[in-house]
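Chemist: Here it is, the structure, as structure tokens.
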Amino acid sequence: MYNFRVIPAKENIFIETKNRFQDILEDFKHYAETLTIEAGNAKAKSGKADSYTRYLIRLIIFYEESNNDELSDLTSFEALKKIEGIKYIEGFKQFNQESNRFYSATISCYLAYVTYKNTTDDELIGGELDNLSNILSDKEYSVREEQARYLVNEPKAKPDKGRNSVISSYPRNYKEAREAKIRSNWTCEFNQQHGTFINNINNNPHVEAHHLIPMAAQDYFENTIDFADNIVCLCPTCHSRIHYAVRAEKKEMIIELFKRRRNLYLRHGVEINEKLLLNFYGII
Ligand SMILES: [Zn+2]
Ligand SMILES: [Zn+2]
């Protein structure tokens, strides 16, 4: 039974919880600061990041005391899911409203943080799907019709994580990336007029594969998100833009790309809406 209430920062349980998660809460606060700076909120930034951190501590307290469960790794989607579940508890909605919706904003910030913490090197440009998928020659793909049958077209459980790096990551399915490129007709999906160059390996215009729902968020879902319907092909500039642009530019791009694909996710057993997608990109 949840007992939503105001928990002052000087209460023992608050101080204890804060001390237990000290390092990770500090890290979370720094992350929240970068988000609020990006949102053009420099003045209010430190105050807001402080608030998010305090509200996260309270959410942890609510979860732990009500479920008789101790959270361990706050950077895991397992912990995120537990905290996020509080949103659906009776009485939360009103309590959140009375708190100027700070609790729900904190959960969004925490989700962005967990996604950020689960981002691995192979998400970064260059490492992303473009090496192996280009090596498969077009000849191999003359049997494309045949292979298309093996592409993911229905909900499919996610594979086991690879254990070859500090943060383990999921193996990528290069056939899906290749299929996405073929479907895009080797053009930039954000704007088909964007010029690119001819790729040395496959002799097609060079486009780069990008998972619209980032692979870092795989643990949020039961089913795989590594399928062609979730892979957008972008010219190198647009690929950099979706990773590194300022918030407004990034947001516009994600919304535009998602509009064209939003109806494709359900058949893969993946529930996603615009707000959640933006959240994975740190836009809260
Ligand atoms: Zn990318
Ligand atoms: Zn482009």
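The values are calculated or read from the model by the stated rules, or taken from the named source; none is laboratory data. These figures come from a predicted structure and were not determined experimentally. Cβ placement follows ideal geometry from the backbone for every residue including glycine, while neighbour counts extend to all protein chains displayed. Accessible surface areas use protein heavy atoms only, side chains included; no ligands, DNA or RNA. Shrake-Rupley method; radii C 1.70, N 1.55, O 1.52, S 1.80 Å.
Chemist: Using beta carbons and a limit of 9 Å, which pairs, at least six apart or on different chains, have the first residue in segment 1-12 and without any contact (Cβ under 8 Å) to a residue 12 or more places away in the chain and the second one assigned to a loop (DSSP other than H, G, I, E, B)?
Modeler: From residues that are without any contact (Cβ under 8 Å) to a residue 12 or more places away in the chain, the pairs are Val6/Ser99.
Chemist: Also: Looking only at residues in segment 69-89 that are of a type in the set (D, E, K, R) and touching a residue at least 24 places away in the same chain (Cβ under 8 Å), which one is surrounded by the most Cβ atoms within 10 Å (Cβ to Cβ)?
Modeler: Glu84
Chemist: Looking at the structure I just gave you, is Cys238 within 12 Å of ligand 2 (Cβ to nearest atom), within 25 Å of Thr120 (Cβ to Cβ) and not in a helix (DSSP H, G or I)?
Modeler: Values: within 12 Å of ligand 2 (Cβ to nearest atom): yes; within 25 Å of Thr120 (Cβ to Cβ): yes; not in a helix (DSSP H, G or I): no.
Answer is no for this residue.
Chemist: Would you mind telling me which numbered condition in (1) open to solvent by less than 30 Å² (accessible area, probe 1.4 Å); (2) within 30 Å of Arg172 (Cα to Cα); (3) of a type in the set (Gly, Ala, Ser) Ser66 fails?
Modeler: (2)
Chemist: Shifting gears a bit: Among what's in segment 242-255 and is open to solvent by less than 60 Å² (accessible area, probe 1.4 Å) and within 16 Å of ligand 1 (Cβ to nearest atom), pick the residue that is nearest to Asp229 (Cα to Cα).
Modeler: So, considering only residues that are open to solvent by less than 60 Å² (accessible area, probe 1.4 Å) and within 16 Å of ligand 1 (Cβ to nearest atom), the one nearest to Asp229 (Cα to Cα) is Ile254.
Chemist: Can you name the residue in segment 241-269 that is outside any helix (DSSP H, G or I) and among the hydrophobic types (A, V, I, L, M, F, W, C) and is also nearest to ligand 2 (Cβ to nearest atom) among such residues?
Modeler: For segment 241-269, the residue satisfying everything is Ala245.
Chemist: Also, quick follow-up: Could you tell me how many of the residues in segment 190-248 are charged (D, E, K, R) and more than 18 Å from Pro171 (Cα to Cα)?
Modeler: Kept after step one, since they are charged (D, E, K, R), are these residues of segment 190-248: 208, 219, 222, 226, 229, 241, 247.
Of the ones still in play, those that are also more than 18 Å from Pro171 (Cα to Cα) are 241, 247.
Selection size over segment 190-248: 2.
Chemist: Here's something else I'd like to know. Return the residues of segment 204-218 that are out of contact with any Lys or Arg (no Cβ under 8 Å at 6 or more places or on another chain) and either within 28 Å of Asn118 (Cβ to Cβ) or buried (at least 20 other Cβ atoms within 10 Å of the Cβ) (or both); say none if nothing qualifies.
Modeler: Within segment 204-218, Glu208, His210, His211, Ile213, Pro214, Ala216, Ala217 qualify.
Chemist: Give segment 45-63 a look and list any residue that's open to solvent by less than 70 Å² (accessible area, probe 1.4 Å) and either free of Cβ contacts under 8 Å to residues at least 24 places away in the same chain or of a type in the set (D, E, K, R) (or both), or say none.
Modeler: Result: Lys45, Ser46, Gly47, Lys48, Ala49, Asp50, Arg58, Tyr63.
Chemist: Suppose we filter Asp160, Asp226 for residues that are in contact (Cβ under 8 Å) with a residue 24 or more places away in the chain and either more than 12 Å from ligand 1 (Cβ to nearest atom) or assigned by TED's automatic domain parsing to the domain that holds Lys81 (or both); which single one remains?
Modeler: Working: Asp160 fails: in contact (Cβ under 8 Å) with a residue 24 or more places away in the chain.
The match here is Asp226.
Chemist: Right, here's the next one. For segment 188-203, name all the residues that are more than 16 Å from ligand 1 (Cβ to nearest atom), open to solvent by 30 Å² or more (accessible area, probe 1.4 Å) and either without any contact (Cβ under 8 Å) to a residue 24 or more places away in the chain or not small (Gly, Ala, Ser) (or both). It would help to see each step written out before you state the result.
Modeler: If we filter segment 188-203 for residues that are more than 16 Å from ligand 1 (Cβ to nearest atom), which is where we start, we get 191-193, 195, 197-203.
This time we only want the ones that are open to solvent by 30 Å² or more (accessible area, probe 1.4 Å), so: 191-193, 195, 197-198, 200-201, 203.
Passing the criteria: Asn191, Gln192, Gln193, Phe197, Ile198, Asn200, Ile201, Asn203.
Chemist: Restricting the search to segment 256-284, which residues are closer than 22 Å to His194 by Cβ and open to solvent by 10 Å² or more (accessible area, probe 1.4 Å)?
Modeler: Within segment 256-284, Glu256, Lys259, Arg260, Arg261, Tyr281 qualify.
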